[in-house]
Amino acid sequence: MEWREVVEHPSLKDLPFKIETNAEGYIMMTPARGRHGIYQSLIDYTLRRLAKEGQVFIECPIQTSDNTKVADVAWSSTEFYRRNKDNDNPYLESPEVVVEVKSPSNSEKAMKWKAALYFERGAKEVWFCDDDGNMRFFNPQGELGRSELFREFPGHIDIEVK
């Protein structure tokens, strides 16, 4: 299936799954977990606080060489958003920052594969958040000690209620 068909298909609306497609156009679904959504929300909130400009997305569809992948969180510059706001189903290029929150079905190998796909489409950084809220930051050359684009972004996201 093409991505537009997936998005517009009436039987695929309101599923409790994250949907992506692979290179052959097959639908791949990942069950939703509460913790996953909390991390998405906290990463979104923190990026919005730190960003001086640009746009933050949750569930950002990106066309890759392995079909459409949906980043858990992404940040784009104002320039990216202006270039792509009318062509967002999926975006044909990657926002500058793409974040993947680990889910039970995502192995380290799968997450690194997705990172490579995002870098092919122009991502400047890809971040991983693990099950414990630990953040890892990558650019096309490899792992970073911290984000170069958002130097104040924490290395750990705490979901404990205060």
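Here are a few things to note about the model shown:
- Residues of the range 47-61 that turn out to be at pLDDT below 95 and either under 24 Å from Asn106 (Cβ atoms) or hydroxyl-bearing (Ser, Thr, Tyr) (or both), as a count: 5
- Residues that are more than 16 Å from the chain's Cα centre (by Cα), modelled with pLDDT under 95 and not in a strand (DSSP E or B) do not occur anywhere in the range 134-145.
- Hits in the range 111-124 (condition: crowded, with 20+ Cβ neighbours inside 10 Å and touching a helix residue (DSSP H, G or I) at 6+ places or on another chain (Cβ under 9 Å)): Ala123
- Consider the range 96-110 and keep the residues that are under 11 Å from the mean Cα position of the chain (by Cα) and not in a loop (DSSP other than H, G, I, E, B). The one that is surrounded by the fewest Cβ atoms within 10 Å (Cβ to Cβ) is Glu100.
- The conditions of being aromatic (Phe, Trp, Tyr) and touching a Phe, Trp or Tyr at 6+ places or on another chain (Cβ under 6 Å) are met by Phe137.
- Pair list, Cβ < 6 Å and 6+ apart or interchain, from the range 100-115 residues that are over 20 Å from Leu47 (Cβ atoms) and of a type in the set (Gly, Ala, Ser) to residues that are assigned to a strand (DSSP E or B) and modelled with pLDDT under 95: Ser105/Thr30
- Checking Ala32 against (1) of a type in the set (A, V, I, L, M, F, W, C); (2) buried (at least 20 other Cβ atoms within 10 Å of the Cβ); (3) at pLDDT below 90, the condition it does not meet: (2)
- Only one of Glu59, Glu79, Glu53, Glu93 that is in contact with a Gly (Cβ under 8 Å, 6 or more places away or on another chain) and either in a helix (DSSP H, G or I) or surrounded by fewer than 21 Cβ atoms within 10 Å (Cβ to Cβ) (or both): Glu93
The values are calculated or read from the model by the stated rules, or taken from the named source; none is laboratory data. Since the structure is predicted, the reported quantities are computational estimates derived from the model, not experimental observations. All Cβ positions, even for glycine, are placed from backbone atoms using ideal geometry, and neighbour counts span all protein chains on display.
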